[in-house]
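Working notes for the structure below.
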Amino acid sequence: QVQLIESGGGVVHTGDSLRLSCGAFGSTFSHLIMGWFRQAPGKEREFVAAISWTGARIMSDSVKGRFAASRDNAENTLYLEMNTLKPEDTAVYYCAATRAIVIPRGPSDYDYWGQGTQVTVSS
């Protein structure tokens, strides 16, 4: 069992930066693929980024060049650095984990989820 706890959300203005963190508890963090998803009101949960235990990354086209995912295996922590934020980035951001071998993009491929942290970008 893996428990994930996100932090770092908040209210910012267009163009600002924000860093989200996700602490993982209860399992061997370094063996997990970790992902970030987001869900805006009335929309489906959307893939943002994922990173394997070796550091291989995939990013959504909508955030490529603005967001960066990283992880600290020694601290069991996942990060999402978000720059040049836009109002359309407003959503609840979720951390997720999977024991898959290949990095997946679908929410159903992830086994564990955090409670989410709200990010609001005002224009």
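The values are calculated or read from the model by the stated rules, or taken from the named source; none is laboratory data. Computed from a predicted model, the values in this text were never measured in an experiment. Cβ coordinates were reconstructed from backbone atoms using ideal geometry, including for glycine residues, and neighbour counts include every protein chain displayed. Remember, those area values only see protein heavy atoms, side chains included, never the ligands or the DNA or RNA. Shrake-Rupley method; radii C 1.70, N 1.55, O 1.52, S 1.80 Å.
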Open item on the list: Exactly one of these conditions fails for residue 53: (1) open to solvent by less than 20 Å² (accessible area, probe 1.4 Å); (2) touching a helix residue (DSSP H, G or I) at 6+ places or on another chain (Cβ under 6 Å); (3) aromatic (Phe, Trp, Tyr). Give me its number.
Closed with: (1)
TODO: Among the residues of segment 14-50, write down those that are open to solvent by 60 Å² or more (accessible area, probe 1.4 Å), of a type in the set (S, T, N, Q) and more than 16 Å from residue 90 (Cα to Cα).
DONE: 28
Open item on the list: Go through segment 60-77 and report how many residues are open to solvent by less than 30 Å² (accessible area, probe 1.4 Å) and out of contact with any Leu (no Cβ under 8 Å at 6 or more places or on another chain).
Closed with: 3
